[in-house]
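Some notes on the structure that comes next.
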Amino acid sequence: MYRDVDQMSARECYQAAVAAVIPRPIAWVSTKSRDGVLNLAPYSFFSVASCQPLILSVTQITPRNLKDKDTLTNLEQTGECVVNIVDEACVEIMNASCEGFSPEVDEFKTLGIEEVESIKVAPPGVAMSPVRFECKLQQVIKLSEGAMGGSLMLLQVVAIHSADHCAQDQTIMTNSIKAVGKMGGDSYCNTTQGFDLSRP
Ligand SMILES: Cc1cc2nc3c(=O)[nH]c(=O)nc-3n(C[C@H](O)[C@H](O)[C@H](O)COP(=O)(O)O)c2cc1C
């Protein structure tokens, strides 16, 4: 198959990206609005943008109505969030939190998700998440004004929490996290069937 991107619709570009850029980690982002309403939503266009300073990247894909999602709106209002890592135990409730709740709805309360207080930022983390990154917004880069365009949120990490069973001697143990990854469509994958390959 060969495709010329100039001949592809936004939908087809999206499909190609989510089908082939796999597996993607999931940032389950908690924020608080200016009015104090908590919000929680998953984003799999998620990676590490810098290690010193430690900066995570999360991308909002602009909806058809061109209205920013609550996560970006809240980040622009208050500048703080928590990126919660999603493990096998979190995955169903994480999926439920992607529903398009209106901005006045507190997803933690509505879905019965237990909060845990953060140390350096106002939004709480998700208690059941194995690793939580407290972050401050560094910048938003809007790559396109149109629908399906990307707004890249660069999030500077100010504190890291990990569950006791995921860390040893101040080091996070990858295999203990049991993180899940996003595949194309509605598919997910586990991360416990890895293999090692030493670098030359
Ligand atoms: C696993 C998963 C990953 C998602 N990844 C993204 C993403 O990277 N970017 C995005 O704009 N929406 C993504 N979504 C959809 C958002 O979660 C959804 O639009 C949500 O309602 C946004 O909530 P908010 O308005 O509270 O921020 C994803 C949904 C799921 C279930």
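The values are calculated or read from the model by the stated rules, or taken from the named source; none is laboratory data. Remember, predicted model here, so these are calculated numbers, not experimental data. Heads up, the Cβs are rebuilt from the backbone with ideal geometry, glycines too, and the neighbour counts pull from every protein chain shown. Only protein heavy atoms, including side chains, enter the accessible area calculation; ligands, DNA and RNA are left aside. Shrake-Rupley method; radii C 1.70, N 1.55, O 1.52, S 1.80 Å.
Some values worked out for this structure:
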{"quantity": "Net length gained if the chain between Gln77 and Met183 were fully extended (0.36 nm per residue, minus Cα distance)", "calculated": "35.0 nm"}
{"quantity": "Pairwise label distance in nanometres, Cys51 with Thr110, each label 7 Å out on the Cα-Cβ vector", "calculated": "3.9 nm"}
{"quantity": "Dipole magnitude of the chain about its Cα centre (Cβ charges: Lys, Arg +1; Asp, Glu -1), debye to nearest 20", "calculated": "480 debye"}
{"quantity": "Added length on full extension, which subtracts the Cα-Cα distance from 0.36 nm per residue, Met173 to Lys67", "calculated": "34.3 nm"}
{"quantity": "Cα-projected label distance for Ala19 with Val5, points at 7 Å along beta-carbon direction, nm", "calculated": "1.7 nm"}
{"quantity": "For the chain: accessible area per residue (Å², 1.4 Å)", "calculated": "59 Å²"}
{"quantity": "Dipole in debye (nearest 20) - segment 65-148, about Cα centre, beta carbon charges: Lys, Arg +1; Asp, Glu -1", "calculated": "340 debye"}
{"quantity": "Radius of gyration, Dmax [segment 78-161; alpha carbons; angstrom]", "calculated": "14.0, 37"}
{"quantity": "Stretchable slack from Met128 to Cys98, in nm (0.36 nm times residue separation minus alpha-carbon distance)", "calculated": "9.1 nm"}
{"quantity": "Carbon/sulfur fraction of accessible area - segment 31-185, other protein chains in place, 1.4 Å, %", "calculated": "50 percent"}
{"quantity": "For Tyr14, solvent-accessible area (1.4 Å; no DNA, RNA or ligand), Å²", "calculated": "80 Å²"}
{"quantity": "Test item: Cα-centred dipole of segment 92-200, Lys/Arg +1 and Asp/Glu -1 on Cβ, debye", "calculated": "460 debye"}
{"quantity": "Translational D in µm²/s for segment 1-131 (Stokes-Einstein at 10 °C, 1.306 mPa s, Kirkwood Rh from C-alpha pairs)", "calculated": "99 µm²/s"}
